[in-house]
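Visitor: I'd like to ask some things about the structure below.
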Amino acid sequence: MAEGPRNDAERQADAARLRALEEKLAQKTPRPEVRGPMADYDKAHLAWRMVIELVAGLGIGLGIGFGLDYLFGTAPFLMVVFIFLGFAAGIKSMMRSAAELTRTGPAPDKDATGPAPDMDERD
């Protein structure tokens with residue numbers, strides 16, 4: 001079994017070696033690169049956002065279709081049509097969110113009050 005340091009000098013030497021090792025590891029460890037405007041969000045939050053967009057599209061389509069069916073007396077015809085339209089709108093919204101994720105470039109500064117840094121000002 002290995003023995004621990006016997007006196008304060010050995011403890012300080014071990015602590016110095018440990019700090020040196022931690023510094024070397026910190027320099028060699030790759031840091032995650034922040035990419036895109038939504039890099040701060042957790043993946044689960046983005047997944048829930050996409051699910052909510054799809055369900056909201058379906059719900060709005062269902063509501064509009066049901067209301068128009070009630071108004072015109074056309075039974076479930078318009079409700080089915082608007083459910084499909086709501087589904088298409090939800091998918092389109094999800095695709096827009098996915099495109100936002102894949103967009104590369106610097107993340108906008110949260111504290112900046114002016115235009116985004118990548119936008120050029122034309123006089």
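The values are calculated or read from the model by the stated rules, or taken from the named source; none is laboratory data. Bear in mind that the values here come from a model prediction, so they are computed numbers and not experimental data. Quick reminder, even Gly has a Cβ in these numbers, built from the backbone with ideal geometry, and neighbours come from all protein chains shown.
Visitor: Out of all the residues in region 14-62, which are among the basic types (Lys, Arg) and either surrounded by 12 or more Cβ atoms within 10 Å (Cβ to Cβ) or at pLDDT 85 or above (or both)?
Guide: Result: ARG17, ARG19, LYS24, LYS28, ARG35, ARG49.
Visitor: If only one of VAL51, VAL81 is within 14 Å of the chain's Cα centre (by Cα) and among the β-branched types (Val, Ile, Thr), which one is it?
Guide: Every option except VAL51 fails the conditions.
Visitor: Mind checking whether some residue in region 101-112 is out of contact with any helix residue (DSSP H, G or I) (no Cβ under 9 Å at 6 or more places or on another chain) and at pLDDT 85 or above?
Guide: No: region 101-112 contains no residue that is out of contact with any helix residue (DSSP H, G or I) (no Cβ under 9 Å at 6 or more places or on another chain) and at pLDDT 85 or above.
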